[in-house]
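Asks: Dropping a structure here in structure tokens format, bear with me for questions.
Rule-based calculations on the coordinates, nothing more; no lab input. Computed from a predicted structure; not experimentally measured. Neighbour counts are summed over all protein chains in view; Cβ atoms, including those assigned to glycine, are modelled from backbone coordinates with ideal geometry.
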């Protein structure tokens, strides 16, 4: 049985008598420790898939099973790294991670252990130097690193990342991608990442889930990326497997499932 | 090595000497630029007043006569001859006590009701129209009703303060709660904060800038209301003091009391505003 499985997941939003089907028949099985990216044009409902797995949205049809148990509410076993970091601006970096750790690991770890665990996770993303700063005093890349530390500190079964590097400049993004790969390699987390960046998807993922365009979007194709880890972006630039995977995703997105507005 | 250190030190000393007077001068200039205009305007205003009211037939005393007539209450605000014959300090303290009590009750009830209205659509639809009507009732219109209910001046005055200052607190808190970003709610959902933790750790800090706007309006309104309410209920209090002075035709004492009322109102406003800045340091910059 799969670690995490989505079966026949669909969602329809109702607003003022009108209803629009955003997702239909999404089926996906994810193994433990696997890194899966979901890619698609904006508005195709890829973030909606993530929110359903997170429990922040309820599927209209079908359901999600995590280790055989149905997902029907948000929880720390499916920690989310939000697109816009979502740090609480009135708390320092340490307090932001601490809020999650103290709530989630209460009873599992003593106060001293929790405080050590907060430091450990900040160190994991190299943020110890700014632990006492507030979010508005640090850069966008640093905020996202704190968001990752907060999510990892919850010891999630599945880590959900919603376009985690979308708002960052190219250099910071590359740096954080490398860091994410390295951490995932070390902790063997199961990760679902939403992205619209083809290179990011190919570089980080074991499998790339490509979504068709909405309305009624669904999974168009799943592409395995059989590249050995650890992966180094420089080595991969001319790697045949990498180039081939990249071409396949591009072909899916821009030839077969080009966004109607863009194609016109 | 030693010479180098001495040289550096000497250079620093010279630089400091050269810099120090310049900074002081600029600082002085800055202070003067802010302090002088209000002082000049105040002096001009007092002069105008003096001129306008200097004729013996004038209805109001000029500032010079205000000071000479009311000199004993100006220099000794702490006397206490028993009953309501007390110095200004005691009257103001009594008024502030009523405001503190009524306003504190309004803060607690206002933030709770505001949270309810901000959080629940049903409560919003049910309560908002009622609030919108009740909040337009002038503070003093509540006084007879509260006298009838409490049968005593003291709790009635506190109730008037409460009912006057609660509306801006409720309305601003509700807006603040409605404006909590969905992101913060998602974070709270993922780490499974319970409702009380959510209220304390997410709602209050996130809505704090709005809440403090409400508090600032509320404290201003309650200071407005207390003076009027005390004129009617009597007893010790700055409102009664003014009314009593009018009944004994001590116009100069009224003017001195008004200066105090204005200054205290200003201080109250600044206190709440300052507290707001302190508490919302992180939030408002988000």
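Asks: Take segment A:96-138 and flag every residue that is buried (at least 17 other Cβ atoms within 10 Å of the Cβ), more than 12 Å from chain B (Cβ to nearest Cβ) and assigned to a helix (DSSP H, G or I).
Replies: A:114, A:117, A:118, A:121, A:122, A:124, A:130, listed by residue number.
Asks: Here is a further query. Do we have any residue at all in segment A:53-62 that's closer than 22 Å to residue A:150 by Cβ, within 14 Å of the chain's Cα centre (by Cα) and more than 11 Å from every other protein chain (Cβ to nearest Cβ)?
Replies: Yes; the residues of segment A:53-62 include at least one that is closer than 22 Å to residue A:150 by Cβ, within 14 Å of the chain's Cα centre (by Cα) and more than 11 Å from every other protein chain (Cβ to nearest Cβ).
Asks: Just one of (1) within 14 Å of chain B (Cβ to nearest Cβ); (2) more than 30 Å from residue B:205 (Cα to Cα); (3) out of contact with any strand residue (DSSP E or B) (no Cβ under 6 Å at 6 or more places or on another chain) trips up residue A:16, so point out which.
Replies: With respect to (1) within 14 Å of chain B (Cβ to nearest Cβ); (2) more than 30 Å from residue B:205 (Cα to Cα); (3) out of contact with any strand residue (DSSP E or B) (no Cβ under 6 Å at 6 or more places or on another chain), residue A:16 is out only on (1).
Asks: From the list B:264, B:255, exactly one residue is away from every other protein chain (no Cβ under 14 Å), buried (at least 19 other Cβ atoms within 10 Å of the Cβ) and part of a helix (DSSP H, G or I). Which is it?
Replies: B:255
Asks: Within segment A:204-218, identify whether any single residue is assigned to a helix (DSSP H, G or I) and farther than 26 Å from residue A:92 by Cα, and answer yes or no.
Replies: yes
Asks: Whether any residue in segment B:138-155 is surrounded by fewer than 20 Cβ atoms within 10 Å (Cβ to Cβ) and within 14 Å of another protein chain (Cβ to nearest Cβ) is what I want to check.
Replies: Checking segment B:138-155: not a single residue is surrounded by fewer than 20 Cβ atoms within 10 Å (Cβ to Cβ) and within 14 Å of another protein chain (Cβ to nearest Cβ).
Asks: Being in a helix (DSSP H, G or I) and touching a strand residue (DSSP E or B) at 6+ places or on another chain (Cβ under 7 Å) is the filter; apply it to segment A:26-72 and report the residue that is surrounded by the fewest Cβ atoms within 10 Å (Cβ to Cβ).
Replies: If we take residues in segment A:26-72 being in a helix (DSSP H, G or I) and touching a strand residue (DSSP E or B) at 6+ places or on another chain (Cβ under 7 Å), then A:47 is surrounded by the fewest Cβ atoms within 10 Å (Cβ to Cβ).
Asks: Still on this model: Report yes if some residue within segment A:239-261 is outside any loop (DSSP other than H, G, I, E, B) and closer than 24 Å to residue A:148 by Cα; otherwise report no.
Replies: no
Asks: Oh, and also: At least 1 residues that are closer than 30 Å to residue B:234 by Cβ in each: list the helices (runs of 4 or more DSSP H) lying fully within segment B:125-216 that qualify.
Replies: Where helices (runs of 4 or more DSSP H) fall fully within segment B:125-216 and carry at least 1 residues being closer than 30 Å to residue B:234 by Cβ, they are B:142-150, B:153-178.
Asks: If you take the residues in segment A:76-90 that are facing chain B (nearest Cβ under 8 Å) and part of a helix (DSSP H, G or I), which one is surrounded by the fewest Cβ atoms within 10 Å (Cβ to Cβ)?
Replies: A:76
Asks: For residue A:93, which of the numbered conditions (1) within 14 Å of another protein chain (Cβ to nearest Cβ); (2) farther than 26 Å from residue B:203 by Cβ fails to hold?
Replies: If we test residue A:93 against (1) within 14 Å of another protein chain (Cβ to nearest Cβ); (2) farther than 26 Å from residue B:203 by Cβ, just (2) comes out false.
Asks: Taking the conditions exactly as written (surrounded by 11 or more Cβ atoms within 10 Å (Cβ to Cβ), within 24 Å of residue B:261 (Cα to Cα) and in contact with a strand residue (DSSP E or B) (Cβ under 8 Å, 6 or more places away or on another chain)), does residue B:90 satisfy them or not?
Replies: yes
Asks: Separate question: Working only within segment B:267-282, note down all residues that are surrounded by 13 or more Cβ atoms within 10 Å (Cβ to Cβ), within 14 Å of chain A (Cβ to nearest Cβ), under 22 Å from the mean Cα position of the chain (by Cα) and in a helix (DSSP H, G or I).
Replies: Scanning segment B:267-282 gives B:276, B:279, B:281.
Asks: Considering each of B:223, B:243 in turn, give the residue that is within 28 Å of residue B:46 (Cβ to Cβ), out of contact with any strand residue (DSSP E or B) (no Cβ under 9 Å at 6 or more places or on another chain) and crowded, with 20+ Cβ neighbours inside 10 Å.
Replies: Just a single option satisfies the conditions, and that option is B:223.
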